[in-house]
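Below is one structure, written out as structure tokens; the observations come after it.
The values are calculated or read from the model by the stated rules, or taken from the named source; none is laboratory data. A quick note: this is a predicted structure, and the numbers were derived from the prediction, not measured. With ideal geometry, Cβ positions are generated from the backbone for all residues, glycine too; neighbour counts draw on all protein chains shown. These area figures cover heavy atoms from the full protein model, side chains too; ligands, DNA and RNA do not enter into them. Shrake-Rupley method; radii C 1.70, N 1.55, O 1.52, S 1.80 Å.
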Amino acid sequence: REAASQKKKMCTARPGWHSMSLREGMYKKDSKIAKIEIPLRDVLELDEDNLTVRVEPLVTMGQLSRYLRGKGYCLQVTPELDDLTAGGLVNGFGVETSSHKYGLIQHTCTRFEVVVANGDVVV
């Protein structure tokens with residue numbers, strides 16, 4: 001709300017050390033940019049009948065793999081780095097060793113829900 005009332009640019013408050021990039025995001029050091037916290041880190045639902053899992057974008061592959069393994073499941077495309085996030089892989093064309101068989105990670109997704117800037121959910 002603060003950023004909207006002041007017409008500031010926004011970026012996530014995720015620290016640079018938590019990124020998979022070697023490049024430091026210098027824009028995050030700009031005091032004119034509002035840093036917003038996005039606490040979307042949960043596995044929401046496992047539908048065992050349809051073999052689908054619903055997750056928030058900051059769920060890490062390690063977190064998701066441990067959750068699914070405990071229930072006797074795994075992803076078709078399982079990234080080799082535990083810190084990669086579901087949202088990052090979908091937006092960054094997540095490719096892994098099983099991609100030759102199942103496609104990129106976004107090809108194994110059945111649906112996306114996107115929260116746009118005004119708060120609306122687009123499916």
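Assorted remarks:
- Residue in the range 100-108 that is out of contact with any Ser or Thr (no Cβ under 9 Å at 6 or more places or on another chain) and assigned to a loop (DSSP other than H, G, I, E, B) present: yes
- Any hit, the range 77-96, residues being part of a strand (DSSP E or B), of a type in the set (Asp, Glu) and open to solvent by 70 Å² or more (accessible area, probe 1.4 Å): no
- Qualifying residue in the range 66-89 (condition: modelled with pLDDT of 90 or more and of a type in the set (Ser, Thr, Tyr)): yes
- Any hit, the range 26-37, residues being modelled with pLDDT of 85 or more and open to solvent by 80 Å² or more (accessible area, probe 1.4 Å): no
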